[in-house]
Amino acid sequence: MTRTVRFKNGVEVPALGMGTWNMGDDVSLRSDEIASLQAGLDAGLRVIDTAEMYGNGRSESVVGEAIEKRRNDVFLVSKVLPSNASAKGVLKSCTDSLKRLRTDHMDLYLLHWQGNIPLEETFEAFETLRDRGMIGSWGVSNFDTDAMEEVIQTGQGDGCVANQVLYSLSHRGIEFDLLKENQARQVVTMAYSPLGQGGGMLKDNVLAKIAQHHTTSLGPATPAQIALAWVLRQPSLIAIPKAGSKKHLRENIAAQEIKLKEGDLTALDKAFSPPRKKVALEVI
């Protein structure tokens, strides 16, 4: 059974979603990217994550084309740049994003990272967007524990439903404190780049050895599927790996079938050490 995650506002979505970083950058890949997103929706992966920053809106345009005739199948997430996070800037950015996304609302709108504009001003603008029906809920991205404390201390802090951060076997810092604090506050953690960047992490011999002992409906497991299954084991967490082709998408979906054993987890802890002290939030 596909695992789901519930936001504090009661909305429930699959724990595995689809990221779109770099989508739209290469025109020759556009049709494959759209086909991949649509295939994901066909398979029940409702969450699609994008941002105005990705390709200066090109990613949102790809998503908009992919979902145009099936908006109800999608839990749509986008992000506003901190430089646009003023009261007026949020309204303009959201309006522009919605045009590229070919819809009149998004389900979750995030502040991409903390900038110089007061959080109160940004969140007040988010609340206005929600009142107007332009967004369903809002949250933040790349916020560590101190920044999340600032969020909670604002007048609108209870409205924050998600925090999107880097999390993978090679980037485990949030396990020391942030992951638990998000859970305690009923803030869903969204893990971006759960398969690492550039494939270096996936070449680790330990991942390859563990993969040899697991199978999925597609056949023998791959190191990438083991890495994704490891991320997905966390409660109250949504993983949003990018899948630029149907093949990669099918592999990501099949990773949900893998149940890692205690020996697997121990071996992965030895190869990719969990944090033993507080570390600065990693961002890519």
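Just a yes or no: is a residue in the range 63-70 in a strand (DSSP E or B), within 18 Å of the chain's Cα centre (by Cα) and either of a type in the set (V, I, T) or surrounded by fewer than 21 Cβ atoms within 10 Å (Cβ to Cβ) (or both)? No, the range 63-70 contains no residue that is in a strand (DSSP E or B), within 18 Å of the chain's Cα centre (by Cα) and either of a type in the set (V, I, T) or surrounded by fewer than 21 Cβ atoms within 10 Å (Cβ to Cβ) (or both).
The set of residues in the range 91-147 that are in contact with a His (Cβ under 6 Å, 6 or more places away or on another chain) and not in a loop (DSSP other than H, G, I, E, B) contains only S141. Residues in the range 157-174 that are assigned to a loop (DSSP other than H, G, I, E, B) and either farther than 19 Å from L16 by Cβ or modelled with pLDDT under 95 (or both): S170, R172.
When residues in the range 160-177 are screened for being under 9 Å from P275 (Cβ atoms) and crowded, with 23+ Cβ neighbours inside 10 Å, 1 of them pass.
Just to verify a result, which residue in the range 2-19, among those that are in a loop (DSSP other than H, G, I, E, B) and closer than 18 Å to V231 by Cβ, is modelled with the lowest pLDDT?
Initially, the range 2-19 is screened for residues in a loop (DSSP other than H, G, I, E, B), giving 2-3, 7-11, 15, 17.
With closer than 18 Å to V231 by Cβ added as a condition, the list becomes 2-3, 15, 17.
Values: T2: 80, R3: 89, A15: 97, G17: 97.
Going through the qualifying residues, I end up with T2.
Could we say that Q212 is within 22 Å of T128 (Cα to Cα), loosely packed, with under 15 Cβ neighbours inside 10 Å, over 15 Å from the mean Cα position of the chain (by Cα) and not charged (D, E, K, R) here?
Details: within 22 Å of T128 (Cα to Cα): no; loosely packed, with under 15 Cβ neighbours inside 10 Å: yes; over 15 Å from the mean Cα position of the chain (by Cα): yes; not charged (D, E, K, R): yes.
For Q212, the condition - within 22 Å of T128 (Cα to Cα), loosely packed, with under 15 Cβ neighbours inside 10 Å, over 15 Å from the mean Cα position of the chain (by Cα) and not charged (D, E, K, R) - is not met.
Those helices (runs of 4 or more DSSP H) of the range 200-284 in which at least 3 residues are modelled with pLDDT under 95, considering only elements entirely within it, cover 246-254. Selection of the range 175-199 for residues being without any contact (Cβ under 8 Å) to a residue 24 or more places away in the chain and not in a loop (DSSP other than H, G, I, E, B) yields K180, A184. I need the full set of residues from the range 47-62 which are in a helix (DSSP H, G or I) and under 15 Å from H105 (Cβ atoms), in order please. Selection gives E60 alone. Considering (1) surrounded by fewer than 23 Cβ atoms within 10 Å (Cβ to Cβ); (2) under 27 Å from A243 (Cβ atoms); (3) touching a Pro at 6+ places or on another chain (Cβ under 6 Å), the lone condition that G115 does not fulfil carries the number (2). From the list T95, T128, T122, T154, the lone residue that is at pLDDT 95 or above, more than 19 Å from the chain's Cα centre (by Cα), under 16 Å from E60 (Cβ atoms) and among the β-branched types (V, I, T) is T95. Taking every residue in the range 257-284 that is in contact (Cβ under 8 Å) with a residue 60 or more places away in the chain and pairing it with any residue that is surrounded by 10 or more Cβ atoms within 10 Å (Cβ to Cβ) and of a type in the set (S, T, Y), at least 6 positions away or on another chain, the pairs with Cβ-Cβ distances below 7 Å are F272/S170; I284/S193. Only residues that are buried (at least 22 other Cβ atoms within 10 Å of the Cβ) and farther than 11 Å from L91 by Cα were counted across the range 119-134, and they come to 2. Checking each residue in the range 1-46 for being surrounded by 22 or more Cβ atoms within 10 Å (Cβ to Cβ) and of a type in the set (S, T, Y) picks out T20, S36. Under the condition of being within 16 Å of A280 (Cβ to Cβ) and polar (S, T, N, Q), which residue from the range 142-159 is surrounded by the fewest Cβ atoms within 10 Å (Cβ to Cβ)? My answer is T145. For the range 180-191, the condition holds for no residue, the condition being that it is within 15 Å of the chain's Cα centre (by Cα), buried (at least 20 other Cβ atoms within 10 Å of the Cβ) and farther than 30 Å from D146 by Cβ.
Hey, any hits in the range 57-65 for a residue that's on the phi < 0 side of the Ramachandran plot and at pLDDT below 95?
From the range 57-65, those on the phi < 0 side of the Ramachandran plot are 58-65; that's our starting set.
Subsequent filtering for residues that are at pLDDT below 95 retains none.
Checked against the condition, which is being on the phi < 0 side of the Ramachandran plot and at pLDDT below 95, the range 57-65 yields no hits at all.
The values are calculated or read from the model by the stated rules, or taken from the named source; none is laboratory data. It should be emphasised that the depicted structure is a prediction, and the values quoted were computed from it without experimental measurement. Cβ: placed from backbone, ideal geometry, glycine included. Neighbour counts: every protein chain shown.
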